[in-house]
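Engineer: For reference, the structure I am asking about is given below.
Derivation of every value follows stated rules applied to the coordinates shown; laboratory data play no part. In this text, all values refer to a predicted model and were calculated from it rather than measured experimentally. Heads up, the Cβs are rebuilt from the backbone with ideal geometry, glycines too, and the neighbour counts pull from every protein chain shown.
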Amino acid sequence: MQAGIEVQQLAEQVGCTASYLRKLERGTRSRMSPSKYVRLRTALKATDDDLLAPTEDRPERNQT
């Protein structure tokens, strides 16, 4: 929604279903193939930091 694109349109660009994207948003699905991830980033004009939530397993990046 923040990117101004409908979930269905985004799913078509990424090559997945709208349901799949909603599960990623909710956190009920946590993995996606590298190729879909790249297409998602491209479609949203986003960076890794925009898309990846910080976790205890993955330290946050310094903002320097």
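Engineer: Between rounded, prolate and oblate, where does segment 6-50 land on the alpha carbon gyration tensor, with a ≥ b ≥ c its root eigenvalues, rounded for a/c under 1.5, else prolate if a/b exceeds b/c? Please report the intermediate quantities before stating the final value.
Structural biologist: On the way: a/c = 1.44, a/b = 1.10, b/c = 1.31.
In terms of gyration-tensor shape, rounded.
Engineer: Work through the residues other than TYR20 whose Cβ is under 9 Å from its Cβ and net out their charges, Lys, Arg +1 and Asp, Glu -1. Before the final figure, lay out each step's value.
Structural biologist: Values: positive: ARG22, LYS23, ARG29, LYS36; negative: none.
Result for the local shell: +4.
Engineer: Place the peptides 40-47, 25-32 in order of packing, highest mean first, counting for every residue the other Cβ atoms within 10 Å and averaging per peptide.
Structural biologist: In descending order of packing, they fall as 40-47, 25-32.
Engineer: So how much slack lies between ARG26 and ASP48, counting 0.36 nm per residue of separation and subtracting their Cα-Cα distance, in nm?
Structural biologist: Values: separation 22, 0.36 × 22 = 7.92 nm, distance 1.77 nm.
Between ARG26 and ASP48, full extension yields an extra 6.1 nm.
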